[in-house]
Amino acid sequence: MACEKTKIEQLHKYLDEDMTLLEKKQLEQHLKSCSECEQHLRELRKTIAIVQSTSHVEAPPDFTAGVMNRLPKQSKPDKWKTWMRKHPFVLAAAVFMLLFVTSVSSFWSGGTGSQITVQGQGNFHIDEERSVVVVPEGETIEGNLIVRNGDIEVEGEVLGNITVINGDNYLASAGHVAGEINEVNQVLSWIWYETKSFMSEVVNVFNGSDPPEED
Amino acid sequence: MDAVVKKIIMEVKKGDQQAFAELVDLYKDKVYQISYRMLGNVHEAQDVSQEAFLRAYTNLDSYDMNRKFSTWLFRIATNLSIDRIRKKKPDFHLDDPVGGTEDLNYYSQIAADEELPEDKVVQYEMQEWIQNEISELPPKYRSAIILKYLEDLSLKEIGEILNLPVATVKTRIHRGREALRKRLRHS
Ligand SMILES: [Zn+2]
């Protein structure tokens with residue numbers, strides 16, 4: 001090799017644009033007169049071009065699944081906690097439905113366990129055999145009445161509201177109700193009503209108490 | 001990008017294993033590329049690059065969130081590739097009969113899946129040839145050349161991945177280029 005070896009290092013720095021303007025000018029001057037260095041630089045440029053002409057390879061299609069299958073198995077509680085963190089509303093709904101379905105089914109199913117109940121004050125009487133609350137003629141109920149799992153027959157007078165859940169309201173021609181009469185008979189509308197009020201509470205409970213971090 | 005990656009990492013750290021799949025999807029091609037270029041064999045590349053993700057997962061707590069995740073991940077992949085090369089018999093590829101590893105090549109694997117037109121075949125042969133030349137480089141030059149010219153990384157990043165000062169990275173790139181030049185000059 002006729003030219004000095006240090007020139008090769010200069011050529012690499014030149015390619016990397018890793019030299020001062022002065023060094024660059026000097027080397028370019030040298031290249032004009034030294035065909036050996038000029039040839040060397042051309043070969044280096046060609047080498048880089050060849051290496052860069054390789055197309056990018058891509059990971060095989062099942063790559064990610066392969067990695068995920070090789071990860072250490074997570075314990076059940078971890079999965080559950082993670083899932084819970086990601087789906088607080090679904091979880092809340094699930095827990096709620098479990099509790100709710102239990103209570104509703106016992107509430108709505110006729111026969112055993114769904115006795116007629118009345119909330120309110122006054123001189124009415126309950127006919128348990130027919131599941132009817134009777135406000136007799138001549139009696140006046142001052143406040144509200146809520147009847148569950150039965151009907152109400154008003155022959156007297158009710159000054160407040162009457163709410164009949166899972167039952168019917170019969171107003172005798174002589175009877176009188178001063179307030180509103182509400183019948184809640186549709187299971188779905190009842191569920192909807194209860195869900196709305198319950199759900200906000202349940203969701204709040206779960207958002208408010210983050211599960212502890214595991215180590 | 002960085003914010004997305006950090007968010008995913010936080011989720012994985014909290015115990016959401018499935019979130020890790022998103023990280024794998026983001027970086028699989030680059031990690032696979034590093035492994036393939038280092039090893040020149042699709043099966044080994046897949047094995048090593050999947051192992052790299054596995055190591056990243058199990059050592060995620062030691063990852064410094066203030067640094068670039070890709071740098072950390074590529075470092076794992078590069079180290080595993082170099083380990084794999086060391087475990088191979090040093091003269092393995094010299095003694096191997098011609099064609100013995102052909103089916104393990106990335107391009108011949110693609111080519112095997114479909115009938116290719118003549119120009120594609122030539123292109124694949126060209127790609128195989130370049131890969132073979134890269135594989136002939138000593139591993140320490142090979143990694144520097146791959147990270148610089150195939151992953152387009154800065155000298156600083158390459159230095160962090162290889163755990164070397166930038167000056168050393170420069171020297172390795174120079175030597176790698178020089179070695180390749182000697183082989184490719186007459187092509
Ligand atoms: Zn010269």
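The values are calculated or read from the model by the stated rules, or taken from the named source; none is laboratory data. This structure is a prediction, so every number in the text was calculated from the model and none was measured. A quick note on method: Cβ atoms are made from the backbone with ideal geometry, for glycine too, and the neighbour counts reach across all protein chains shown.
Are any of the residues in the range B:140-158 more than 10 Å from every other protein chain (Cβ to nearest Cβ) and of a type in the set (Val, Ile, Thr)? Looking through the range B:140-158, at least one residue is more than 10 Å from every other protein chain (Cβ to nearest Cβ) and of a type in the set (Val, Ile, Thr).
Meeting the requirement of 3 or more residues that are within 15 Å of the ligand (Cβ to nearest atom), the helices (runs of 4 or more DSSP H) wholly within the range A:1-80 are A:6-15, A:21-33, A:35-52. Of the helices (runs of 4 or more DSSP H) contained entirely in the range B:105-187, those carrying at least 2 residues that are of a type in the set (Lys, Arg) fall at B:139-145, B:166-184. Within the range B:161-187, if we keep just the residues that are crowded, with 19+ Cβ neighbours inside 10 Å and away from chain A (no Cβ under 13 Å), the residue that is farthest from B:Ile82 (Cα to Cα) turns out to be B:Ile161.
Surrounded by 15 or more Cβ atoms within 10 Å (Cβ to Cβ), under 23 Å from B:Val166 (Cα atoms) and not acidic (Asp, Glu), is that true of A:Thr47? When the stated conditions are applied, A:Thr47 passes them. Filtering the range B:57-70 to residues that are free of Cβ contacts under 8 Å to residues at least 24 places away in the same chain and within 14 Å of chain A (Cβ to nearest Cβ) leaves B:Thr58, B:Asn59. For the range B:25-53, enumerate the residues that are farther than 13 Å from A:Gly66 by Cβ and not aliphatic (A, V, I, L, M). Scanning the range B:25-53 gives B:Tyr27, B:Asp29, B:Lys30, B:Gln33, B:Ser35, B:Tyr36, B:Arg37, B:Gly40, B:Asn41, B:Glu44. Pairs are defined by a Cβ separation below 7 Å, a sequence spacing of at least 6 or placement on different chains, a first member in the range A:1-28 that is of a type in the set (D, E, K, R), and a second member that is within 15 Å of the ligand (Cβ to nearest atom); the pairs so defined are A:Lys7/A:Cys37; A:Lys24/A:Tyr14. Of all residues in the range B:1-20, those that are assigned to a helix (DSSP H, G or I) and either surrounded by fewer than 17 Cβ atoms within 10 Å (Cβ to Cβ) or charged (D, E, K, R) (or both) total 9. Go through the residues of the range B:30-52 one by one and say whether even a single one is farther than 25 Å from A:Ser55 by Cα, assigned to a helix (DSSP H, G or I) and facing chain A (nearest Cβ under 9 Å). No - not one qualifying residue is present in the range B:30-52.
Residues in the range A:124-161 that are of a type in the set (D, E, K, R) and assigned to a strand (DSSP E or B): A:Asp127, A:Arg148, A:Asp151, A:Glu153, A:Glu157. A:Leu91 meets all of the listed conditions (1) crowded, with 17+ Cβ neighbours inside 10 Å; (2) at pLDDT 70 or above; (3) part of a helix (DSSP H, G or I) but one, namely (2).
Among the residues of the range A:1-23, those that are within 12 Å of chain B (Cβ to nearest Cβ) and of a type outside the set (A, V, I, L, M, F, W, C) comprise A:Lys5, A:Glu9, A:Gln10, A:His12, A:Lys13, A:Tyr14, A:Asp16, A:Glu17, A:Asp18.
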